[in-house]
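Engineer: Attaching a single structure in structure tokens format; questions to follow.
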Amino acid sequence: MATINVDDSENLEKAIKRFKRMVEKEGIIREFKKREYFVKPSATNHQKKTTLERKLLNKKRKSEKKDF
């Protein structure tokens, strides 16, 4: 849980920026977006498989360009 202590003399904008950095560092927003809706495990596996195939295809294309 991200919490910050704000002094009376501290500028509010600085405190907000500090809070935003802390939230980003802890990955709270990323985790929230990830859990925003349920994705079936089979869909996740399918997505991982297609991204891996795409990466391998791109590597193959790059290696073929270097050969010429």
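The values are calculated or read from the model by the stated rules, or taken from the named source; none is laboratory data. These numbers were taken from a predicted model, which means no experiment stands behind them. Areas reflect the complete protein model, heavy atoms only, side chains present, ligands, DNA and RNA absent. Shrake-Rupley method; radii C 1.70, N 1.55, O 1.52, S 1.80 Å.
Engineer: Just tell me which lysines come within less than 25 Å, Cα to Cα, of Lys14; anything on the same chain fewer than 8 places away is out.
Structural biologist: Lys25
Engineer: Could you state the accessible area per residue of the chain in Å², with a 1.4 Å probe and every protein chain left in place? Show your work: numbers first, answer last.
Structural biologist: Working: 7210 Å² over 68 residues.
Averaged over the residues of the chain, the accessible area is 106 Å².
Engineer: Where does the chain land at 222 nm, in deg cm²/dmol rounded to the nearest 500, when only DSSP H runs of n ≥ 4 count, each adding -39500 (n - 2.57), divided by all residues?
Structural biologist: Numbers: 3 runs with 49 residues, N = 68.
Result for the chain, helices only: -24000 deg cm²/dmol.
Engineer: Once the Cα atoms of helix 12-26 and of the chain are each reduced to a long axis, what angle between those two axes, in degrees from 0 to 90 to the nearest 10, is obtained?
Structural biologist: Orientation of helix 12-26: about 40 degrees from the principal axis.
Engineer: Label the chain by shape, choosing from rounded, prolate and oblate, from the square roots a ≥ b ≥ c of the eigenvalues of the Cα gyration tensor; if a/c is under 1.5 it is rounded, and otherwise prolate applies when a/b is larger than b/c, oblate when it is not.
Structural biologist: Working: a/c = 6.97, a/b = 2.11, b/c = 3.31.
Note, shape of the chain comes out oblate.
Engineer: OK, next. Which percent of the accessible heavy-atom area of the chain goes to carbon and sulfur, probe 1.4 angstrom? Could the numbers behind the result be given before it?
Structural biologist: Details: 3980 of 7210 Å².
The C+S portion of the solvent-accessible surface of the chain is 55 percent.
Engineer: Can you tell me the length gained on complete extension of the stretch Lys25 to Asp7, counting 0.36 nm per residue apart and subtracting the Cα distance?
Structural biologist: On the way: separation 18, 0.36 × 18 = 6.48 nm, distance 2.21 nm.
Length gained between Lys25 and Asp7: 4.3 nm.
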